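The values are calculated or read from the model by the stated rules, or taken from the named source; none is laboratory data. These numbers were taken from a predicted model, which means no experiment stands behind them. Backbone-built Cβ (ideal geometry, glycine too); neighbour counts: all protein chains shown.
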Amino acid sequence: MLPIMTLWKPDPTFYPSPRDAAAAPQETRAYVAAFDRSGRRPDALAVLDTESGEVIGWTDLPNTGDELHHFGWNACSSALCPSAPHPHIERRYLIVPGLRSSRIHVYDTKDRISPELVKVIEPEELGERAGYSRPHTVHCGPEGIYVSALGGYGQEGPGGIAILDHTKFEVLGRWEVDRGPQYLAYDFWWHINHDVLVTSEWGTPSMIENGVVGELLLGRKYGHKLHFWDLRKRRHVQEVDLGDQYQMVLELRPAHDPTKTYGFAGVVTSVEDLSASVWMWHQENGRWAVRKVIDIPAEPAPAELLPDVLKPFGAVPPLVTDIALSVDDRFLYVSAWGTGEIKQFDVSDPFAPVETGSLRIGGIVGRRPHPSEPGLPLAGGPQMVEVSRDGSRVYLTNSLYGAWDDQFYPDGVGAWAAKIHTADFTFDQRFFPHGDDFRGLRPHQVRLQGGDASSDSYCYP
């Protein structure tokens, strides 16, 4: 009989390096979080066939009013890091927070098409054990599941990060030992080999739940900073302010190469000219520094075509609400939800991105159709962006967040998803789930079977 340890093998969807991940088999399923804006019906996880776009699986949540937003895997390639205590855990469960309800759902995806609910973490457990509410982003770390949260428990803030264990999915507690000046929260990620964690800022629950608050935006009260932390000591190290005109520093995408210490942050808008931007963080003389490397201007438009929130400005802001970095760190994809544009940049030199592709679909004014249905104008725009491990496919969904959808697309945001082939940067005409395919729900984040460009971190170059 073979020694027992030879029977224990890591999950085959864990990859030591970005190169190994890019060479892995192509995904065949995409998991999509879809929510009911009215809160009267349960939200759901939809499962798409990545070739046809057909909805092949569907699981309703047990409650109403969750508003699914971002979600992630229980485990990923970070389980192969030298510091990982659970190298044989499986990428099996999806950890699915409700941004409005503060519930966290655990779904089993193994040997089934439609995920099966196995646990619900109620808001009281998250609040009492970690002190947080409004869970947002999920990342699988080598020693637990990290979940960011926008609010405090029973109070506006501060927001921060809670830790769940890998096995029983219990809330272990608050991650931060010393948060320093950090108060607002949103996204987080890390340079795992360098013991560095980075966080960004959006706003507290009251600042975001009913849409953009004009007074707060013009008063420059939304998040405009990055925070750098000692990952192991769980202590705040440095705050970097981009400038308070740059409102809502959201998505973070660090280099996948674990020897590198740079990354990209998307900024929704500048209150000075409604432009959007992408910034790069890097080290300079032993300190963290940021540099604006992509600027996307607003587009003039007749006031009569604009929603009320934009009429005084006479322009459509790009509203960069997501970015995604390919696993080989070569291409950055930037979604301009307001203008209805997805941009591709070559970031081989991260200090000097070069735009290499652009497609239009939807948009506040443009309402451009998908090429498979040229007679169907679309609302919404490229919002959540996900890139396949090999970098050949980009998946898009069109809904941002219920109250914000209603502000910028008051006649309805609709529901659709799309796929782009990156070789020639064109839409896949077969893949276009839309309308009734989502059963009246709005699609938001996509996660790909076996991992994707924004789910895994690697410890080997």
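In segment 429-442 there is no residue matching the filter, namely being in contact (Cβ under 8 Å) with a residue 12 or more places away in the chain, of a type in the set (F, W, Y) and under 29 Å from A303 (Cα atoms). Looking at L376, L448, just one residue is under 22 Å from S358 (Cβ atoms) and modelled with pLDDT of 95 or more, and that residue is L376. Pairing residues of segment 29-48 that are more than 26 Å from N210 (Cα to Cα) and surrounded by fewer than 24 Cβ atoms within 10 Å (Cβ to Cβ) with residues that are polar (S, T, N, Q) and at pLDDT 95 or above, at Cβ distances under 6 Å and at least 6 apart in sequence or on separate chains, gives R29/Q449. Would a scan of segment 56-66 turn up a residue that is surrounded by fewer than 20 Cβ atoms within 10 Å (Cβ to Cβ), polar (S, T, N, Q), touching a strand residue (DSSP E or B) at 6+ places or on another chain (Cβ under 8 Å) and under 29 Å from A418 (Cβ atoms)? No, segment 56-66 contains no residue that is surrounded by fewer than 20 Cβ atoms within 10 Å (Cβ to Cβ), polar (S, T, N, Q), touching a strand residue (DSSP E or B) at 6+ places or on another chain (Cβ under 8 Å) and under 29 Å from A418 (Cβ atoms). Residue pairs whose Cβ atoms lie under 8 Å apart, sitting 6 or more positions apart in sequence or on different chains, and linking a residue in segment 338-349 that is surrounded by fewer than 23 Cβ atoms within 10 Å (Cβ to Cβ) to a partner that is assigned to a loop (DSSP other than H, G, I, E, B) and among the polar types (S, T, N, Q), are Q344/T422. In segment 104-126, how many residues are in contact with a Pro (Cβ under 6 Å, 6 or more places away or on another chain) and not aromatic (F, W, Y)? The total comes to 2.
Among residues that are at pLDDT 95 or above and more than 16 Å from K119 (Cα to Cα), A44 is not included.
E373 falls short of the stated requirement of being in a strand (DSSP E or B) and either crowded, with 18+ Cβ neighbours inside 10 Å or over 21 Å from the mean Cα position of the chain (by Cα) (or both). Would a scan of segment 89-102 turn up a residue that is part of a strand (DSSP E or B), small (G, A, S), surrounded by 19 or more Cβ atoms within 10 Å (Cβ to Cβ) and touching a His at 6+ places or on another chain (Cβ under 9 Å)? Scanning segment 89-102, I find at least one residue that is part of a strand (DSSP E or B), small (G, A, S), surrounded by 19 or more Cβ atoms within 10 Å (Cβ to Cβ) and touching a His at 6+ places or on another chain (Cβ under 9 Å), so the answer is yes. Scanning segment 114-135 for residues that are assigned to a loop (DSSP other than H, G, I, E, B) and in contact (Cβ under 8 Å) with a residue 24 or more places away in the chain gives S114, P115, G131.
Taking each residue of segment 12-25 that is within 13 Å of V327 (Cα to Cα) and looking for partners that are modelled with pLDDT under 95 and part of a helix (DSSP H, G or I) with beta-carbon atoms closer than 6 Å, six or more apart or interchain, yields P16/L80.
Being among the acidic types (D, E), farther than 27 Å from E125 by Cβ and out of contact with any Lys or Arg (no Cβ under 8 Å at 6 or more places or on another chain) is a condition met by at least one residue of segment 8-31.
Looking at P382, P317, just one residue is over 15 Å from the mean Cα position of the chain (by Cα) and closer than 21 Å to W279 by Cα, and that residue is P317. Filtered by the rule that a residue be surrounded by fewer than 18 Cβ atoms within 10 Å (Cβ to Cβ) and in a strand (DSSP E or B), segment 350-367 gives V354, E355, T356, G357, S358, R360.
If you go through segment 409-461 and keep only what is closer than 22 Å to P25 by Cα, part of a loop (DSSP other than H, G, I, E, B) and among the β-branched types (V, I, T), you end up with just T422.
Highlighted here are the strands (runs of 3 or more DSSP E) found entirely within segment 169-288 that include at least 3 residues which are in contact with a helix residue (DSSP H, G or I) (Cβ under 7 Å, 6 or more places away or on another chain): 171-174. So for segment 112-125 (the condition being surrounded by 24 or more Cβ atoms within 10 Å (Cβ to Cβ) and touching a Phe, Trp or Tyr at 6+ places or on another chain (Cβ under 8 Å)), does at least one residue qualify? No, segment 112-125 contains no residue that is surrounded by 24 or more Cβ atoms within 10 Å (Cβ to Cβ) and touching a Phe, Trp or Tyr at 6+ places or on another chain (Cβ under 8 Å).
Is there any pair linking a residue in segment 188-204 that is closer than 13 Å to C140 by Cα to one that is polar (S, T, N, Q), with Cβ under 8 Å and at least six apart or on different chains, and which? Sorted first by the residue in segment 188-204, then by its partner, the pairs are F188/T137; F188/S148; F188/T199; F188/S200; W189/S457; W190/S457; I192/S78; I192/S457.
Residue by residue, here is whether (1) closer than 22 Å to R179 by Cβ; (2) in contact (Cβ under 8 Å) with a residue 60 or more places away in the chain holds:
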site: L242; (1), (2): yes, no
site: A255; (1), (2): no, yes
site: K260; (1), (2): no, yes
site: V268; (1), (2): no, no
site: V290; (1), (2): yes, yes
site: V309; (1), (2): no, yes
site: L319; (1), (2): no, yes
site: D322; (1), (2): no, yes
site: F331; (1), (2): no, yes
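When segment 376-404 is limited to residues that are more than 22 Å from R37 (Cα to Cα) and of a type in the set (S, T, N, Q), the one that is surrounded by the most Cβ atoms within 10 Å (Cβ to Cβ) turns out to be S388.
When you go through R368, R389 one by one, which is the residue that is in contact with a helix residue (DSSP H, G or I) (Cβ under 6 Å, 6 or more places away or on another chain) and of a type in the set (K, R)? Selected residue: R389, the only one of R368, R389 that is in contact with a helix residue (DSSP H, G or I) (Cβ under 6 Å, 6 or more places away or on another chain) and of a type in the set (K, R).
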